[in-house]
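The block underneath contains the structure these notes are about, expressed in structure tokens.
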Amino acid sequence: MDILFDPLLLLLATARDVVPVLALLVFFQKVVLRRPIPRPRRILAGFVLVIVGMACFLGGLDLALFPVGRAMALQLAEAAQASGGSWLDYGWIYVFALCIGFATTIAEPSLIAVAHKASEASRGSVSSLGLRIAVAVGVACGIALGTVRIVTGTPLYIYILAGYVVVAAQTFFAPRMIVPLAFDSGGVTTSTVTVPLVAALGLGLASHVPGRSPVLDGFGLIAFASLFPIIAVMGYAQLAGIAAGIRRRTPRPKTPLDSGK
């Protein structure tokens with residue numbers, strides 16, 4: 001029987017991965033720090049919930065998100081091949097990748113947490129919603145460009161090298177406050193919601209485009225989802241700085257109050 005359809009085996013497999021973490025924490029608390037474990041019943045209940053939640057999540061990935069991503073890639077690829085099979089005929093694939101990248105990133109719990117903390121730490125100077133939208137736009141553009149790479153068969157390193165050249169250049173000109181936040185934003189996008197659909201999309205697309213290998217071409221979309229948010233967040237900060245400078249230099253029109261009338 002497949003482990004995905006056996007809840008008991010799935011729970012045991014998840015516990016096997018989580019219990020070492022609990023054992024490590026207990027070891028450092030009792031042996032290294034030599035202090036009692038605070039609220040042990042609450043901590044134990046929390047770990048039980050973690051095991052159950054992770055088991056449900058992993059089962060859901062294989063039962064729902066992975067099949068949906070593969071099915072969408074298959075159907076869109078078949079429609080493109082029926083239209084001629086050139087890279088321009090895969091337009092709906094690019095649109096789907098753009099939309100799924102934006103939607104999954106906006107819903108990413110880790111990004112919501114980082115954006116909220118960034119807004120708190122900056123005392124509101126960094127907008128939580130603005131940061132999430134900038135990151136989502138970056139992921140959307142990155143995944144769309146990644147699907148173009150799969151369809152055309154262009155080597156991955158060309159895109160990644162060019163992208164990090166842009167990042168290196170932006171680092172010198174972007175506001176210093178936003179640079180570390182931009183790099184962190186690239187990491188939090190590759191989490192629980194985004195990765196399953198993006199990976200399924202890449203593997204499904206590479207499996208049904210003639211001449212592409214799922215191993216050589218199907219992977220790599222997640223790299224785009226990590227790189228382009230860095231570019232987008234620093235670009236957003238640079239554009240905001242330019243707009244603020246223009247507003248400061250633009251003379252305010254005089255009113256009757258200015259002339260004393």
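The values are calculated or read from the model by the stated rules, or taken from the named source; none is laboratory data. The model shown is predicted, which means the values in this text are computed figures rather than measured ones. When we count neighbours, we look across all protein chains shown, and the Cβ atoms used for this are built from the backbone with ideal geometry, even at glycine.
Points to keep in mind about this one:
- Comparison of ILE106, ILE158 shows that the only residue that is under 16 Å from the mean Cα position of the chain (by Cα) and within 30 Å of ALA77 (Cβ to Cβ) is ILE106.
- Residue check: CYS99 meets all listed conditions (1) surrounded by fewer than 16 Cβ atoms within 10 Å (Cβ to Cβ); (2) within 19 Å of ALA206 (Cβ to Cβ); (3) within 20 Å of the chain's Cα centre (by Cα) but one, namely (2).
- Meets criteria (among the small types (Gly, Ala, Ser) and under 22 Å from ASP62 (Cβ atoms)) for SER213: no
- Residue-level check: of (1) out of contact with any helix residue (DSSP H, G or I) (no Cβ under 6 Å at 6 or more places or on another chain); (2) surrounded by 19 or more Cβ atoms within 10 Å (Cβ to Cβ), LEU88 misses just (2).
- Residue within region 12-29 that is over 29 Å from the mean Cα position of the chain (by Cα), modelled with pLDDT of 85 or more and either surrounded by 14 or more Cβ atoms within 10 Å (Cβ to Cβ) or under 28 Å from GLY186 (Cα atoms) (or both) present: yes
- Condition met for ALA206 (modelled with pLDDT of 85 or more, farther than 16 Å from GLY138 by Cα and surrounded by 19 or more Cβ atoms within 10 Å (Cβ to Cβ)): yes
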